[in-house]
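Q: Here it is, the structure, as structure tokens.
The values are calculated or read from the model by the stated rules, or taken from the named source; none is laboratory data. Keep in mind it's a predicted model, so treat the numbers as computed, not measured. Glycine also receives a Cβ, built like all others from the backbone with ideal geometry; neighbour counts cover every protein chain displayed. Heavy atoms of the whole protein, side chains included, go into the accessibility calculation; ligands, DNA and RNA do not. Shrake-Rupley method; radii C 1.70, N 1.55, O 1.52, S 1.80 Å.
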Amino acid sequence: MTREMITTTDSAALELFTTGAEFRSNGPGVVVVIGSMVTAADYSKFSHKLSAALERPIHTLNRRGHGASSAQAADYTLERDIQDLQVILDHTGATDIFGHSFGGGLALHAARTVPVDRLAVYDPAVSVNHSVVAPWIPEYEKATATGDLDKAAAIAVKGLDAGGAVSRMPLYMLSLASKITANTPLAKQIREQLPNGVREIKALIAADMPAEPFLELPLETLIMVGEKSPAYFGVACGQIHDVLSGSSYSVLDGYGHDGVNRAPDKLITELAEFFAS
């Protein structure tokens, strides 16, 4: 794996990891757009397996506010990340994108204007006809303002409902669990990323639109959801698939929102076949 720092049009720095650099002679790779409250490191298993199966480089981007990339602006909008994605596509020569969670929603919006040949998304966080709502944000902001980071983290985990059974625990139990695990690497990462994550949720809700504008997506679009993922992912994806006649729709049986990070063989095989077509 190689690491680069890429300079953006506004002189910010983006951290980019490339797996499978030895496959560069096989053609451009695939750019992976990561989700919220994670870093490129959380996609290492996925990137290695997909690169080996596809025999092409996989470029995993730490968006602003993630990893060693420049900080995310307080007035964050999707457009900033879309511009950054264009910089990465230009740098790598890639025209294929894979996006997961918020990264999947970002990729769907980006591919309406950015030149993309093949687009695959898994559980994309995209709001179509108000399919995504976040009534928990005011409570989260109140807890943050009072310095109760344990409660704030618990509110976010429960509100996002992407943690499986953990997300369905009572709030007081989640707050206690947050306090107990506060010094673990995962808990520290979540706390560090929470402000970015909430800004991203607000931005995707602000970008809500009907399904019809997604007709501008490439004909080669694969939309995937986890069988055990929160229902709101499927609601938006179903609406986009309905209007995008050339798209493919797939359910990853037995897996939830973390299916990408767990990188089961059946997911890797389906993606490798799609990007090789």
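Q: Here are some conditions: (1) open to solvent by 60 Å² or more (accessible area, probe 1.4 Å); (2) touching a residue at least 24 places away in the same chain (Cβ under 8 Å); (3) out of contact with any strand residue (DSSP E or B) (no Cβ under 9 Å at 6 or more places or on another chain); (4) among the charged types (D, E, K, R). E200 meets all but one. Which one does it not meet?
A: Against the list (1) open to solvent by 60 Å² or more (accessible area, probe 1.4 Å); (2) touching a residue at least 24 places away in the same chain (Cβ under 8 Å); (3) out of contact with any strand residue (DSSP E or B) (no Cβ under 9 Å at 6 or more places or on another chain); (4) among the charged types (D, E, K, R), E200 comes up short only on (1).
Q: When you go through G246, G256 one by one, which is the residue that is small (G, A, S) and open to solvent by less than 20 Å² (accessible area, probe 1.4 Å)? Talk me through it step by step, then tell me what you get.
A: Values: G246 fails: open to solvent by less than 20 Å² (accessible area, probe 1.4 Å).
The conditions single out G256.
Q: How about the stretch 204-218: which of its residues are open to solvent by less than 20 Å² (accessible area, probe 1.4 Å) and either touching a Phe, Trp or Tyr at 6+ places or on another chain (Cβ under 6 Å) or in a loop (DSSP other than H, G, I, E, B) (or both)?
A: Let us first name the residues in the stretch 204-218 that are open to solvent by less than 20 Å² (accessible area, probe 1.4 Å), namely 204, 211, 214, 217-218.
Once the filter is applied, which keeps residues that are open to solvent by less than 20 Å² (accessible area, probe 1.4 Å) and either touching a Phe, Trp or Tyr at 6+ places or on another chain (Cβ under 6 Å) or in a loop (DSSP other than H, G, I, E, B) (or both), the stretch 204-218 yields A211, L217, P218.
Q: Looking at T221 and the list (1) part of a helix (DSSP H, G or I); (2) open to solvent by less than 20 Å² (accessible area, probe 1.4 Å); (3) touching a Leu at 6+ places or on another chain (Cβ under 7 Å); (4) not aliphatic (A, V, I, L, M), which single condition is not satisfied?
A: Against the list (1) part of a helix (DSSP H, G or I); (2) open to solvent by less than 20 Å² (accessible area, probe 1.4 Å); (3) touching a Leu at 6+ places or on another chain (Cβ under 7 Å); (4) not aliphatic (A, V, I, L, M), T221 comes up short only on (1).
Q: A further question on this structure: For the stretch 173-194, how many residues meet the condition of being free of Cβ contacts under 8 Å to residues at least 12 places away in the same chain and either buried (at least 20 other Cβ atoms within 10 Å of the Cβ) or not hydrophobic (A, V, I, L, M, F, W, C) (or both)?
A: Residues that pass the stated criteria total 6.
Q: With the requirement that a residue be within 18 Å of I34 (Cα to Cα) and open to solvent by less than 70 Å² (accessible area, probe 1.4 Å), what does the stretch 259-271 give you? Talk me through it step by step, then tell me what you get.
A: To start, the set of residues in the stretch 259-271 that are within 18 Å of I34 (Cα to Cα) comprises 259-264, 267-268, 271.
Those that are within 18 Å of I34 (Cα to Cα) and open to solvent by less than 70 Å² (accessible area, probe 1.4 Å): G259, V260, N261, A263, P264, L267, I268, L271.
Q: Moving on. Of the residues in the stretch 17-57, how many are within 28 Å of L160 (Cα to Cα) and either under 15 Å from the mean Cα position of the chain (by Cα) or of a type in the set (F, W, Y) (or both)?
A: Of the residues in the stretch 17-57, 18 are within 28 Å of L160 (Cα to Cα) and either under 15 Å from the mean Cα position of the chain (by Cα) or of a type in the set (F, W, Y) (or both).
Q: Next question, about the same structure. Which of the residues belonging to the stretch 224-243 are farther than 11 Å from S127 by Cβ, open to solvent by 10 Å² or more (accessible area, probe 1.4 Å) and assigned to a helix (DSSP H, G or I)?
A: A231, G234, G238, H241, D242, V243 - these are the residues of the stretch 224-243 that are farther than 11 Å from S127 by Cβ, open to solvent by 10 Å² or more (accessible area, probe 1.4 Å) and assigned to a helix (DSSP H, G or I).
Q: Taking the criterion of being at pLDDT 75 or above, in contact with a Pro (Cβ under 9 Å, 6 or more places away or on another chain) and either open to solvent by less than 40 Å² (accessible area, probe 1.4 Å) or small (G, A, S) (or both), would at least one residue in the stretch 133-145 satisfy it? Break it down stepwise before answering.
A: Looking only at the stretch 133-145, we keep the residues that are at pLDDT 75 or above, and these are 133-145.
If we keep only those that are in contact with a Pro (Cβ under 9 Å, 6 or more places away or on another chain) as well, we get 144.
Applying the additional criterion that residues be either open to solvent by less than 40 Å² (accessible area, probe 1.4 Å) or small (G, A, S) (or both) yields none.
Scanning the stretch 133-145, I find no residue that is at pLDDT 75 or above, in contact with a Pro (Cβ under 9 Å, 6 or more places away or on another chain) and either open to solvent by less than 40 Å² (accessible area, probe 1.4 Å) or small (G, A, S) (or both), so the answer is no.
Q: Quick test of your reading of the structure: D148 fulfils all but one of (1) touching a Lys or Arg at 6+ places or on another chain (Cβ under 9 Å); (2) at pLDDT below 95; (3) open to solvent by less than 20 Å² (accessible area, probe 1.4 Å). Name the failing condition by number.
A: So the condition that D148 fails would be (3).
Q: Within the set of pairs 6 or more residues apart or between chains, which connect a residue that is at negative phi and among the basic types (K, R) inside the stretch 128-151 to a residue that is crowded, with 16+ Cβ neighbours inside 10 Å and part of a helix (DSSP H, G or I) with Cβ atoms less than 8 Å apart?
A: Once the first residue is at negative phi and among the basic types (K, R) and sits in the stretch 128-151, its partners that are crowded, with 16+ Cβ neighbours inside 10 Å and part of a helix (DSSP H, G or I) give K151/A143; K151/S175; K151/S178.
Q: Oh, and also: Within the stretch 18-31, is there a residue that is at pLDDT 95 or above, under 30 Å from A154 (Cα atoms) and either of a type outside the set (F, W, Y) or in contact with a strand residue (DSSP E or B) (Cβ under 8 Å, 6 or more places away or on another chain) (or both)?
A: No, the stretch 18-31 contains no residue that is at pLDDT 95 or above, under 30 Å from A154 (Cα atoms) and either of a type outside the set (F, W, Y) or in contact with a strand residue (DSSP E or B) (Cβ under 8 Å, 6 or more places away or on another chain) (or both).
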